[in-house]
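The values are calculated or read from the model by the stated rules, or taken from the named source; none is laboratory data. Small disclaimer: the values here were computed from a predicted structure and weren't measured. Methodologically, a virtual Cβ is constructed for each residue, glycine included, from the backbone with ideal geometry; neighbour enumeration extends over all protein chains shown.
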Amino acid sequence: GLPPRGWHYERVVAHRGGGIIAPENTLAGMRVAHAHGLRAVEFDVMLASDGVPILMHDPKLGRTLPGTGNIADISSSVLQTMDAGSWRDPHHYKGEPVPLFVDVVRWLRANDMWANIEIKPYPGKEIETGEVVGRMAAELYADETRPLALPVISSFSIDALAAAQRTAPGLPRGLLLNKVTPDWAELLERLDCIALHTSHANLTPEIAAQVKKAGYGLFCYTVNDPARAREILSWGVDSFCTDRIDLFARDFS
Ligand code: G3P
Ligand code: MG
């Protein structure tokens, strides 16, 4: 069954797969996180023009992919031939492709890696993206018998998360809020979330205490300083993602 409210997973999560050590949202990045000893990754999922979910953060080319244009206008088969690695390091990662969501989940499961699947809809495609990612995630984890090996699905988009709730009711959810608004408890209740995911930069000890008192897991992005990580852990934060996968051991405390 579905894990109860709270955080039941890893403490240290590699942000966008490989943080800033390796190209984000690629299998190469996840291999680097694994090699550093981490066993949990957060990554961003968007739909290509053919409706196939791929790993991507930005809606446009130009930062992690060469050229110009919109992700929603490019098919998954073309995206898989594009170079998502050279922007980070052309010597090590030239030609590293944009991976399909399905291939990433299969690789993670084969390598005992836990996933925070962030639905990152192309603007205007919130409901479709939530539905598709939820449906595929439910299928890909259908044979998982260990509740704690299930991924957490998260999104900043309430519409996307609600859509994933419909197509993947058996997978845990976390709501992403950049700043914790007064309606946070109502939103988490409505979306039947197990956790709140929020920016550590806007978090206060008072808000952290309220979230924990309500029984929710508390996950923060993106913490790159070990001293800051210790501070927010002392406030009750359960888990965080980091770009500096080289600085945080899996058993960081
Ligand atoms: O899911 C936490 C974090 O990834 C949210 O920010 O922009 O890196 O997706 P972003
Ligand atoms: Mg993300």
Inset, instruction - Kindly provide the set of residues from the range 101-142 that are in a helix (DSSP H, G or I) and among the aliphatic types (A, V, I, L, M), ordered by number. - result: 102, 104, 105, 108, 110, 127, 132, 133, 136, 137, 138, 140
Inset, instruction - Would you mind stating whether residue 103 is under 19 Å from residue 140 (Cβ atoms), surrounded by fewer than 16 Cβ atoms within 10 Å (Cβ to Cβ) and either more than 16 Å from ligand 1 (Cβ to nearest atom) or within 18 Å of the chain's Cα centre (by Cα) (or both)? - result: yes
Legend entry - Single residue of the range 129-173 satisfying the filter (more than 17 Å from the chain's Cα centre (by Cα) and within 16 Å of residue 101 (Cα to Cα)) that is surrounded by the fewest Cβ atoms within 10 Å (Cβ to Cβ): 142
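Okay, residues lined up against (1) among the acidic types (Asp, Glu); (2) more than 14 Å from ligand 1 (Cβ to nearest atom); (3) buried (at least 17 other Cβ atoms within 10 Å of the Cβ); (4) modelled with pLDDT under 95:
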| site | (1), (2), (3), (4) |
| --- | --- |
| 6 | no, yes, no, no |
| 16 | no, no, yes, no |
| 25 | no, no, yes, no |
| 32 | no, yes, yes, no |
| 43 | no, no, yes, no |
| 54 | no, yes, yes, no |
| 79 | no, yes, yes, no |
